[in-house]
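The values are calculated or read from the model by the stated rules, or taken from the named source; none is laboratory data. For clarity, every value in this text was computed on a predicted model and none was experimentally measured. Cβ coordinates were reconstructed from backbone atoms using ideal geometry, including for glycine residues, and neighbour counts include every protein chain displayed.
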Amino acid sequence: MISVSGFLGQLFAIALALVLAPLLSGWVGQCRAWFQSRSAPPLLLPYFMLQKLFNKDVVLAHNASSLFRAAPFLIFGCMVLACAIVPTLSTDLPFAPAADALALVGVFGLARIFISLAGMDVGTSFGTLGGRREMLVGFLAEPALLMVFFTLAMIAQSTSLATIVETLAHRDLVIYPSLAFAGIAFTFVSLAENARVPVDNPATHLELTMIHEAMILEYSGRHLALIEWAASLKLYAYSCLGLALFFPWGIAPGDNFLALVAAIPLLLLKLAIGGAFLAGIETVNAKMRIFRAPEFLGTAFMLAVLGLLVRLLLESRV
Amino acid sequence: MTNFLPIDFLLTAGCAWLVIGLLGLVAPRNTQLISKMLFPLGALVGVGVGLVALDALGGPAQTAVLAIGLPDLPFHLRLDNLSAVFALLLGFVAAGISIYAAGYFRKGEGTAPGLMCLQYHFFLASMLMVLLADDAYAFMVAWESMALSSFFLVTTDHKHEEIRRAGYLYLLIAHIGAIGILLCFGVMTGGMGGGGGDYSFAGMRAQDLSPFWASAAFLLALAGFGAKAGLVPLHVWLPEAHPAAPSPVSAMMSGVMLKTAIYGLLRVSFDLLHSTLWWWGVVALVIGLATALFGVLYSTVQNDMKRLLAYSSIENIGLITVGIGLTLVFHAYRMEGLAALAMTAVLYHGLAHAGFKSLLFLCTGSVLHATRERSLGKLGGLIHRMPWVAWLALAGVIASAGLPPLSGFVSEWLLLQSFLFSPGLPHPWLNMVVPVAAALVVLVAALAGFAMVKFYGIIFLGQMREPALKDAHDAGPWEKAGLAWLALITLLLGVLPSTVILRIDAATRQLLGTGLADKLNENGWWMLAPISAERASYEPLIVLVTIAAMLLLVRWLVRHLYHGRVRRTTAWDCGYHFEGPRAQDTAEGFSQPIRRIFEPMFRMERHFPTARDVKPYYSVKVEDHFWHWCYLPVARAAGWVSTLIVTLQGGRIAVYLMYSFITLLLLLLVARP
Amino acid sequence: MSASIPFSAQLINLFAAVILLLAFAMLAQRRLPQLINLFALQGGALCLATLVAAVTTGQVHLYYSAGLTLALKVLLLPWILHRLVRQLKVKGEVEALINIPTTMLVGIVLVMVAFNVALPISELSHTITRGTLGIALAVVMLAFLMMITRQKAITQVVGFLSMENGLFLAATSATYGMPMVVELGIALDVLVGVIILGVFFFQIRDQFDSLDIRHMEKLKDN
């Protein structure tokens, strides 16, 4: 039942994720610099960073435990799994049955727990603060994300991501107003989950505002490289998820090799536009106070619930 | 005696537990004998109970009649699939806790070990009897023995005032609950319609109650069993009694005893009553949601590690009740497929919670022994001194946070799936409210993650907050074995959901007439797809293997391609040299966002330091609203009524006799046929 | 399964959903100028919904009402309101009596109530877009909520106008518009109402040096 071509496609999708993820981060950084009239860093900067970090020695705090050392590998593993589940090029993924949309949220949650715990491990004030804030963002974002998935799952009558994308991509032209709500909510959640501007600022080490950076302050060398790579994989997974759910055109339906090849440039194009859009959001918004974040994510949650209700009102009886 | 049926074996096991308990009285102070002989024996019996129950699952119900009891009132016993699921839970979890207890009880702590051994095994035997009882009389006897023995176990350290108080509160609420259950049985025997009712469960099943009396019975059962399970507003004993009891007892109460209440609720609402009304489900759903949200919010703000876990148990019971409510709604509308899904989630969460919560309570026991400290504010960094406990606790934490690939996630996944496929309920209001309820369930699960990170991070990670923690030591071999056993249960329940569900499906089938087995058999044992593989599937084993494989592969690759060099140095202190362990976030600090966002949910007393304080300090005390809303008014009213009654109390016997005489006279006058 | 409803009805549903979304955005918005812009957008969505209904059914008066909506609610009224804000020098922040997350939570409950209340009514209607009746009712209720929870007089006017949008949507979706005379009458009413309220604002401000409606409490007899 698992075809060879499907398996190869799966491996290819994972490899593509590993390669493209840092590129996407670099592209967002570049766009951000352009929009802000700064001279942009090179597109390949994240690769250079990874290379440099892998070559450097790991400098551990005296107090760092085994959990601290294991966490980067675990988080990386979780993110690779997430990228394997999200349909990027085709919906024929042997890995897809391993985890549906709900389990995907769980996998992200697992990574979040580990990074928070790792942040608390060394026992500096920043690490705990970051861990606490990460969990704060997490428990607010998770319900909103699941409500988005619920809306989609109701449309597709399935929680399997592959089925959802297939339903949405290969349908007659039907407008789902609920998707508009879900889409906006998903954007909010993605910004929060990926430590992007209105909630967190990935480019700052300003002490009182940071979340993600605060947790990983003690990491160095290959550990830091893996964490950064995992972060860009997470961004890639969220971007692909958003593109697959709300702009699903062009994703290959099965193990059709030609469609698969055709899907690659389309994916690149969509990612480029998506990255620029993200950079745009980050440019026109200012980072908000940490206690505005609940309001922001609360809004996302409300929108997702509203989408669900609109779905039930307008679309269920037809 | 033609053949030895499982029910006979379970009865023998119960007797064996009683005998083991009594043996403890032979030499009550001989710790060596009791802990190294009797507790492991008890654990062995536990494994036996679990195996027999596993074997009995799917088989026909077996009955037995014990001649003990009052004349003409024998004990009816019955082992059916529902009992077997819970006996399975009891046996396997009790085995882990007993092994742990073998290493836990030491000399000179509170009650003599022999007495403790008696109470503990009596507790186990009475729980088993609750599961086997097939008439109201046997059930109540077992139920009360369970309450009493656990009361004595809670008050092991009875020299402390607050422990005695906790025990009293527990006993009080246990009895309020028992009254509810008794009345519920009374209603169900059909005594209302005239004619003496049949007190056996078989008689109750045969009764055809009117909707009004059936609803009354359901609500009484919900209140009665809810008091035992810790549903709001009858939860107040739980956060008092669990920290007061020794850790193995807390583990047993939280992991197993609360589940007997769930068992009772299931027994009454699905087995003994037939005409399910849809609003029962809504009531259970709302109470369950309130309990879950309340429990998890309070668990995030606790500073005592066992209280934190106690509130987390309230949360889990809430989630189970949500599942029961959903099952009732589906069952009432004859949507049996979905009802089976929700019911499976209920049973699975019962099993999962029994495993991981016992594990976590036992871990707190080890921490308590190693440090003599229960307050989170004085712990920290224990992963360096107690790596075994720390890593095994991590399994409990991940399961409790409801994350893949461990056990908590499976039941949450099933519960959410049953929520998700609820549209199609023939009631528009329900159709819209149910998805929002699902959102709240997710919020609860995510908050549980917050609470668990706090629990684990503050106890095991960071720097040691007190110098004395340097002398902490890891758990002994017995304790490690017990923890590992429970962690193994958590892992197996996490990665082999289909296998487990195929076993416990018999109980679902018994209660609802349909189960998930057919659907599950269509796919491989590694895949959990309760409806169909296209609609929803989850393969925890693949998740686990992928993450583990990636971990090893990446580690190997990085070492191979680059290097594995590590240097150790001091942590970065921001150029501020005085950053000691005190600069870490405190337990109070960690939960500050929750207190702030959900401020109206808490009753807080805070003191903030000001610039002019000579001795500046910060303190925050979070109290339960329910004390002030429900309990204190009742207590005050009771006090007021008592002062009124005091005036009747003259002290002269003649006056008292006159009261009796007048009462008798009045009764004779009033009560005429 | 959804393919059975015609495309135009889907479009109307979409615009109705956008109107609801904007009603929520108005509930969450803290700044006054943005609030007015959101109102203008809501008017725009309403105008488009009416236009689609007009094209589908070919009823001429619906074209007129679409035009009227465009002129009045997208252009004229927002312009007047912006001018008022400028002239009155109102501080840009909207002060809410209840905090915004709670308001939104209440809003969700209201939407659920509205949807369920509207279900039996929409069974009576025969138009293809009757599902939007629930949305229209929800918009009315959300506008009410906004008027209740906000302190500034101007936000109350915006709430009032948003409520009118909801009613208009209800009329379009349930019966394909009201008779032209009624529509024109309402439009004029709204216009005159806003102008009169504008005059009132100046009066209120002269009296109390503020537009905070809490000051009105002083007017009662003691």
- Got a number for residues in region A:110-134 being touching a residue at least 40 places away in the same chain (Cβ under 8 Å) and either at the interface with chain B (Cβ under 7 Å from one of its Cβ atoms) or at positive phi (or both)? 8
- Message: Given the condition in contact (Cβ under 8 Å) with a residue 12 or more places away in the chain and either more than 14 Å from chain A (Cβ to nearest Cβ) or not in a helix (DSSP H, G or I) (or both), answer yes or no: does some residue in region B:632-643 qualify?
- Response: no
- Task: Identify, by number, the condition in (1) surrounded by fewer than 24 Cβ atoms within 10 Å (Cβ to Cβ); (2) touching a residue at least 24 places away in the same chain (Cβ under 8 Å); (3) within 10 Å of chain A (Cβ to nearest Cβ); (4) in a helix (DSSP H, G or I) that B:Trp388 doesn't meet.
- Result: (3)
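Listed here are the residues, each with its yes/no results for (1) farther than 28 Å from A:Phe301 by Cα; (2) within 14 Å of chain A (Cβ to nearest Cβ); (3) at pLDDT 80 or above.
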| position | (1), (2), (3) |
| --- | --- |
| C:Leu62 | yes, no, yes |
| C:Leu70 | yes, no, yes |
| C:Lys73 | yes, no, yes |
| C:Leu77 | yes, no, yes |
| C:Arg86 | yes, no, yes |
| C:Pro101 | no, yes, no |
| C:Leu119 | no, yes, no |
| C:Glu123 | yes, yes, no |
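So which residues in region A:267-286 are over 19 Å from the mean Cα position of the chain (by Cα) and in contact (Cβ under 8 Å) with a residue 12 or more places away in the chain, if there are any at all? Give the derivation first.
First pass over region A:267-286, keeping only residues over 19 Å from the mean Cα position of the chain (by Cα): A:283-286.
Answer for region A:267-286, where residues must be over 19 Å from the mean Cα position of the chain (by Cα) and in contact (Cβ under 8 Å) with a residue 12 or more places away in the chain: A:Thr283, A:Asn285, A:Ala286.
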- Search result, residues across region B:435-446 that are over 18 Å from A:Ala111 (Cβ atoms), more than 7 Å from chain A (Cβ to nearest Cβ) and crowded, with 22+ Cβ neighbours inside 10 Å: B:Val441, B:Val444
- Message: If I filter region A:47-73 down to residues being surrounded by fewer than 23 Cβ atoms within 10 Å (Cβ to Cβ) and touching a Leu at 6+ places or on another chain (Cβ under 7 Å), which single residue comes out as farthest from A:Leu224 (Cα to Cα)?
- Response: A:Leu67
- Does B:Lys228 satisfy the condition of being among the charged types (D, E, K, R), in contact with a His (Cβ under 7 Å, 6 or more places away or on another chain) and at negative phi? no
- For A:Val197, the lone unmet condition from (1) surrounded by fewer than 24 Cβ atoms within 10 Å (Cβ to Cβ); (2) at the interface with another protein chain (Cβ under 9 Å from one of its Cβ atoms) is (2)
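May I ask you to verify whether A:Leu309 is within 27 Å of A:Pro143 (Cα to Cα), free of Cβ contacts under 8 Å to residues at least 60 places away in the same chain and within 14 Å of chain C (Cβ to nearest Cβ)?
Numbers: within 27 Å of A:Pro143 (Cα to Cα): yes; free of Cβ contacts under 8 Å to residues at least 60 places away in the same chain: yes; within 14 Å of chain C (Cβ to nearest Cβ): yes.
So A:Leu309 passes the test.
Let me confirm something: among C:Leu14, C:Leu20, which residue is in a helix (DSSP H, G or I), facing chain A (nearest Cβ under 8 Å) and without any contact (Cβ under 8 Å) to a residue 24 or more places away in the chain? Write out each step before concluding.
Values: C:Leu20 fails: without any contact (Cβ under 8 Å) to a residue 24 or more places away in the chain.
The conditions single out C:Leu14.
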- Message: Checking B:Val543 against (1) touching a strand residue (DSSP E or B) at 6+ places or on another chain (Cβ under 7 Å); (2) part of a loop (DSSP other than H, G, I, E, B): exactly one of these is not met. Which one?
- Response: (2)
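Do the conditions hold for B:Gly255, that is, is it crowded, with 20+ Cβ neighbours inside 10 Å, in contact with a His (Cβ under 9 Å, 6 or more places away or on another chain) and under 29 Å from B:Met116 (Cβ atoms)? Show your work before the answer.
On the way: crowded, with 20+ Cβ neighbours inside 10 Å: yes; in contact with a His (Cβ under 9 Å, 6 or more places away or on another chain): yes; under 29 Å from B:Met116 (Cβ atoms): yes.
It is true that B:Gly255 is crowded, with 20+ Cβ neighbours inside 10 Å, in contact with a His (Cβ under 9 Å, 6 or more places away or on another chain) and under 29 Å from B:Met116 (Cβ atoms).
So that you can scan it fast, the table gives a plain yes or no per residue for (1) facing chain A (nearest Cβ under 8 Å); (2) under 18 Å from B:Leu376 (Cβ atoms); (3) under 44 Å from the mean Cα position of the chain (by Cα):
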site: B:Leu561; (1), (2), (3): yes, no, no
site: B:Arg568; (1), (2), (3): yes, no, yes
site: B:Cys574; (1), (2), (3): yes, no, no
site: B:His577; (1), (2), (3): no, no, no
site: B:Arg582; (1), (2), (3): no, yes, yes
site: B:Thr586; (1), (2), (3): no, yes, yes
site: B:Glu599; (1), (2), (3): no, no, yes
site: B:Met604; (1), (2), (3): no, yes, yes
site: B:His607; (1), (2), (3): no, no, yes
- Query: Which one of B:Val622, B:Val655 is under 27 Å from B:Ile173 (Cβ atoms) and β-branched (Val, Ile, Thr)?
  - Reply: B:Val622
- Note on the structure: In region B:401-431, anything at pLDDT 90 or above, assigned to a loop (DSSP other than H, G, I, E, B) and within 8 Å of chain A (Cβ to nearest Cβ) is listed as B:Ala401, B:Gly402, B:Leu403
- For helices (runs of 4 or more DSSP H) lying entirely in region B:453-523, having 1 or more residues that are touching a Phe, Trp or Tyr at 6+ places or on another chain (Cβ under 6 Å) picks out B:477-495, B:497-512
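Go through the residues of region C:55-74 one by one and say whether even a single one is in contact (Cβ under 8 Å) with a residue 40 or more places away in the chain and under 27 Å from C:Ile100 (Cα atoms). Spell out the reasoning first.
Quick first cut of region C:55-74, residues in contact (Cβ under 8 Å) with a residue 40 or more places away in the chain only: C:55-57, C:59, C:61-62, C:64-65, C:68-69, C:72-73.
Within this subset, residues satisfying the condition of being under 27 Å from C:Ile100 (Cα atoms) are C:73.
So far as region C:55-74 goes, yes, one or more of its residues are in contact (Cβ under 8 Å) with a residue 40 or more places away in the chain and under 27 Å from C:Ile100 (Cα atoms).
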- Task: Restrict the check to region B:529-548 and report whether at least one residue is exposed (fewer than 15 other Cβ atoms within 10 Å of the Cβ), without any contact (Cβ under 8 Å) to a residue 40 or more places away in the chain and at the interface with chain A (Cβ under 8 Å from one of its Cβ atoms).
- Result: yes
- Give me a count of the residues in region B:26-40 that are touching a Gly at 6+ places or on another chain (Cβ under 8 Å) and closer than 11 Å to B:Ser98 by Cα. 2
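The rows are residues; the columns are (1) without any contact (Cβ under 8 Å) to a residue 60 or more places away in the chain; (2) assigned to a loop (DSSP other than H, G, I, E, B).
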site: A:Ala214; (1), (2): no, no
site: A:Glu218; (1), (2): no, yes
site: A:Leu224; (1), (2): no, no
site: A:Glu228; (1), (2): no, no
site: A:Ser232; (1), (2): no, no
site: A:Cys240; (1), (2): no, no
site: A:Trp249; (1), (2): no, yes
site: A:Leu260; (1), (2): no, no
site: A:Pro265; (1), (2): yes, no
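B:Ile398: more than 10 Å from chain A (Cβ to nearest Cβ) and of a type in the set (Val, Ile, Thr), yes or no?
Details: more than 10 Å from chain A (Cβ to nearest Cβ): no; of a type in the set (Val, Ile, Thr): yes.
It is false that B:Ile398 is more than 10 Å from chain A (Cβ to nearest Cβ) and of a type in the set (Val, Ile, Thr).
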- Tally, over region A:155-187, of residues that are modelled with pLDDT under 90, under 28 Å from A:Ala293 (Cβ atoms) and within 12 Å of chain C (Cβ to nearest Cβ): 5
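Got at least one residue in region C:37-46 being within 13 Å of chain A (Cβ to nearest Cβ), under 19 Å from A:Ile184 (Cβ atoms) and assigned to a helix (DSSP H, G or I)? Steps first, please.
Restricting attention to region C:37-46, the residues satisfying the condition of being within 13 Å of chain A (Cβ to nearest Cβ) are C:45.
Now narrow it down to the ones that are under 19 Å from A:Ile184 (Cβ atoms): C:45.
Restricting the remaining residues to those that are assigned to a helix (DSSP H, G or I) gives C:45.
Yes.
Report, by residue number, each residue of region B:496-523 that is of a type in the set (Gly, Ala, Ser) and in contact (Cβ under 8 Å) with a residue 24 or more places away in the chain. Even if it seems obvious, please write down each step before you answer.
First, the residues of region B:496-523 that are of a type in the set (Gly, Ala, Ser): B:498, B:506-507, B:513, B:515, B:517.
Scanning region B:496-523 gives B:Ser498, B:Ala506, B:Ala507, B:Gly513, B:Gly515.
Conditions tested, residue by residue: (1) surrounded by fewer than 24 Cβ atoms within 10 Å (Cβ to Cβ); (2) of a type in the set (Val, Ile, Thr); (3) under 25 Å from B:Thr31 (Cβ atoms); (4) modelled with pLDDT of 95 or more.
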site	(1), (2), (3), (4)
B:Phe105	yes, no, yes, no
B:Thr111	yes, yes, yes, no
B:Leu115	yes, no, yes, no
B:Tyr120	no, no, yes, no
B:Met140	yes, no, no, no
